[in-house]
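Chemist: First, the structure itself, so that you have it in front of you.
The values are calculated or read from the model by the stated rules, or taken from the named source; none is laboratory data. Not measured: the values here are computed from a predicted model. Here Cβ is always computed from backbone atoms with ideal geometry, including for glycine, and neighbour counts include all displayed protein chains.
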Amino acid sequence: MKKVFVKSYGCQMNVYDAERMADMLASEGYSETKAMEEADLVILNTCHIREKAAEKVYSELGRVRELKNEREAAGYETKVVVAGCVAQAEGKEILRRAPAVDVVVGPQNYHNLPSLLKKPRSERVVDTEFPVEDKFDHLPKPSKAAIRNRGVSAFLTIQEGCDKFCTFCVVPYTRGAEVSRPVAKILDEALRLADAGVRELTLIGQNVNAYHGEGPDGAVWSLGRLLHRLAEIPGIARLRYMTSHPRDMDDELIAAHRDLPAVMPYLHLPVQSGSDRILDAMNRRHTGDEYRRLIERIRKAQPNLALSSDFIVGFPGETDAEFEDTMRLVSDVGFASSFSFKYSPRPGTPAADIETQVSEAVKAERLARLQNLLEMQRQAFNHGTVGQTLDVLLEKPGRHPGQMAGKSPYLQPVQFESDRHAVGEIVTVRIIGAGSNSLFGEISEPGNQAAA
Ligand code: 5AD
Ligand code: SF4
């Protein structure tokens, strides 16, 4: 059997796409390996969202080339594929700069991999045209064993691409226009996952709450409506979705947080900045106060909501006072977790052409201050759950013998002692301590809740 090594960078959708590639290559006779040096096929599934992404891929390809040469000297052939958003953005340039590469394939084209891999070695190919057909229709369904291997929590792509065109972001160019998958196809995949033991679905998409897929009734379904349907699937106990845009949090979606116990009280809703001028320059189409009011409305529907966000500091022209607006918004809203970045110009995006770029030193200083505040909020949130009783979805054995590890509704890792619970069960746990990255709990008696 031939072996494939897939390395994925960046977002959850790349993780999902890498799994689909592995499923597809399994039916071509490839088994997955975690060791690049024994792979007959190496796939780099790349990300283009932030700084020096392409340069990092080129330097990784340098290492891959050495490996390919070593294997060739030993009599083995290695095919090298660059997939993902750098493939989409760089295209032919990759073949020019990286002689080791055989195939460059975009995020919407990887269903063509089997035929691309069959081309003779002399024919190096680039496949990055946005196709008219739906790649999902050409991908094989994963086996039950493959699903089980990946655990009780699964990603499911429901939407791809983005039409928002935030001025800093490459996604609308690399992932293309927004497309929602039809409800029937999503349901089919969800049922299959549930049947193999999956308990938690995270619906993913670059702008997931813009979802507007065709329903089985011919009507256009929103994400709120889709969540209602998915919550009915036996075995599915938890639903999450990411990443959302504030402008697309409609009433139906907010109500789903109130009405559906399966929809977890956790929301990743990037705000990026707290300054109205910067938000406008970013083309975010909302103000800081609109975001604050939106959060109030969602918290009214789900008072336990834990909130997460992305932030960019040092967007071109950002003044000290505008950065302070971001700090103020963070203090006002309160975040349980977050991701924050220094602005980096992405070639081809409007913000990259703005002349007043912020210096590296100022960006670094602002990022440190923001991250300090966000880290304090994260720790405070985690410590706030000590003493509470939380449902924990068991994902794997814990670090030490006799321990189990799982996730709280707020996506916090939780460890506790148990020798009588199995992966996939949801157990009521009293939180007794908070470490820097996970919580510690003890089984709460009575009220243990077995898998449905
Ligand atoms: N510079 C810095 N951060 C960026 N992000 C997207 N583009 C850029 C950029 N050019 C961040 C945003 C987004 C997250 C996925 O990455 O915060 O929400
Ligand atoms: Fe990029 Fe998200 Fe803005 Fe779309 S909504 S352009 S993916 S930051």
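Chemist: With the condition kept exactly as written, say whether any residue in segment 4-24 is of a type outside the set (Phe, Trp, Tyr), within 26 Å of Glu160 (Cβ to Cβ) and in a loop (DSSP other than H, G, I, E, B).
Modeler: yes
Chemist: So which residues in segment 244-279 are part of a loop (DSSP other than H, G, I, E, B), of a type in the set (A, V, I, L, M) and within 22 Å of Leu191 (Cβ to Cβ)?
Modeler: Leu260, Ala262, Met264
Chemist: Would you check if there is a residue in segment 241-248 being touching a His at 6+ places or on another chain (Cβ under 8 Å), charged (D, E, K, R), within 16 Å of ligand 1 (Cβ to nearest atom) and at pLDDT 95 or above?
Modeler: yes
Chemist: When segment 41-70 is examined, which residues are found to be within 16 Å of ligand 2 (Cβ to nearest atom), in contact (Cβ under 8 Å) with a residue 60 or more places away in the chain and in contact with a strand residue (DSSP E or B) (Cβ under 8 Å, 6 or more places away or on another chain)?
Modeler: Those that are within 16 Å of ligand 2 (Cβ to nearest atom), in contact (Cβ under 8 Å) with a residue 60 or more places away in the chain and in contact with a strand residue (DSSP E or B) (Cβ under 8 Å, 6 or more places away or on another chain): Arg50, Glu51.
Chemist: Sticking with this one: Name every residue in segment 316-337 that is within 16 Å of ligand 1 (Cβ to nearest atom) and in a loop (DSSP other than H, G, I, E, B), in order of residue number.
Modeler: Correct list: Pro316, Gly317, Glu318, Phe335.
Chemist: Against the condition surrounded by fewer than 19 Cβ atoms within 10 Å (Cβ to Cβ), over 23 Å from the mean Cα position of the chain (by Cα) and closer than 20 Å to Ala364 by Cα, how does Thr319 come out, does it pass?
Modeler: yes
Chemist: Next question. So which residues in segment 401-439 are assigned to a loop (DSSP other than H, G, I, E, B) and under 12 Å from Gln388 (Cβ atoms), if there are any at all?
Modeler: Once the filter is applied, which keeps residues that are assigned to a loop (DSSP other than H, G, I, E, B) and under 12 Å from Gln388 (Cβ atoms), segment 401-439 yields Ser408, Pro409, Tyr410, Gln412.
Chemist: Identify the single condition in (1) closer than 20 Å to Val198 by Cα; (2) in contact with a helix residue (DSSP H, G or I) (Cβ under 6 Å, 6 or more places away or on another chain) that Asp127 does not satisfy, given that it satisfies every other one.
Modeler: For Asp127, the failing item is (1).
Chemist: Also, I was wondering about something else. Given the structure, is Thr202 closer than 30 Å to Ala405 by Cβ, of a type in the set (Val, Ile, Thr), surrounded by fewer than 22 Cβ atoms within 10 Å (Cβ to Cβ) and in contact (Cβ under 8 Å) with a residue 12 or more places away in the chain?
Modeler: yes
Chemist: Which of the residues belonging to segment 269-287 are surrounded by fewer than 21 Cβ atoms within 10 Å (Cβ to Cβ), over 17 Å from Ile354 (Cα atoms) and either within 16 Å of ligand 1 (Cβ to nearest atom) or touching a residue at least 12 places away in the same chain (Cβ under 8 Å) (or both)?
Modeler: Pro270, Asp276, Arg285, His286
Chemist: Of everything in segment 193-212 that's within 16 Å of ligand 1 (Cβ to nearest atom) and part of a loop (DSSP other than H, G, I, E, B), which residue is nearest to Asp251 (Cα to Cα)?
Modeler: Asn207
Chemist: Taking Val313 as the residue in question, decide whether it is touching a residue at least 12 places away in the same chain (Cβ under 8 Å), away from ligand 1 (no atom under 15 Å from the Cβ) and aliphatic (A, V, I, L, M).
Modeler: no
Chemist: May I pose another question? Kindly indicate which of Tyr9, Tyr110, Tyr58 is surrounded by 20 or more Cβ atoms within 10 Å (Cβ to Cβ) and away from ligand 1 (no atom under 16 Å from the Cβ).
Modeler: Step by step, each of Tyr9, Tyr110, Tyr58 is checked, and only Tyr110 is surrounded by 20 or more Cβ atoms within 10 Å (Cβ to Cβ) and away from ligand 1 (no atom under 16 Å from the Cβ).
Chemist: With respect to Arg175, is the statement that it is modelled with pLDDT under 95, of a type in the set (D, E, K, R) and either closer than 21 Å to Thr243 by Cβ or within 16 Å of ligand 2 (Cβ to nearest atom) (or both) true?
Modeler: Yes.
Chemist: Determine, yes or no, whether Glu290 is within 16 Å of ligand 2 (Cβ to nearest atom), acidic (Asp, Glu) and either modelled with pLDDT of 95 or more or surrounded by 21 or more Cβ atoms within 10 Å (Cβ to Cβ) (or both).
Modeler: So Glu290 fits the description; yes.
Chemist: Tell me which of these Ala231 doesn't satisfy, since it passes every other one: (1) within 16 Å of ligand 2 (Cβ to nearest atom); (2) more than 24 Å from Val171 (Cα to Cα).
Modeler: (1)
Chemist: Considering only residues of segment 152-192 that are part of a loop (DSSP other than H, G, I, E, B) and β-branched (Val, Ile, Thr), which is farthest from ligand 1 (Cβ to nearest atom)?
Modeler: Val152
Chemist: Looking only at segment 124-144, count how many residues are over 17 Å from Ala184 (Cα atoms) and among the basic types (Lys, Arg).
Modeler: The qualifying residues number 2.
Chemist: Quick one: in segment 338-392, which of the residues that are outside any helix (DSSP H, G or I) and among the charged types (D, E, K, R) is surrounded by the most Cβ atoms within 10 Å (Cβ to Cβ)?
Modeler: Arg346
Chemist: Within segment 253-267, can one find any residue that is among the aliphatic types (A, V, I, L, M) and within 16 Å of ligand 1 (Cβ to nearest atom)?
Modeler: yes
Chemist: Give the residue that is nearest to the chain's Cα centre (by Cα), with candidates limited to residues of segment 21-40 that are surrounded by fewer than 18 Cβ atoms within 10 Å (Cβ to Cβ) and touching a residue at least 40 places away in the same chain (Cβ under 8 Å).
Modeler: That would be Asp23.
Chemist: Could you check how many residues of segment 229-243 are crowded, with 20+ Cβ neighbours inside 10 Å and part of a helix (DSSP H, G or I)?
Modeler: 1
Chemist: I'm checking my understanding of the structure. Among residues of segment 154-163 that are crowded, with 19+ Cβ neighbours inside 10 Å and not hydrophobic (A, V, I, L, M, F, W, C), which one is farthest from ligand 2 (Cβ to nearest atom)?
Modeler: Thr157
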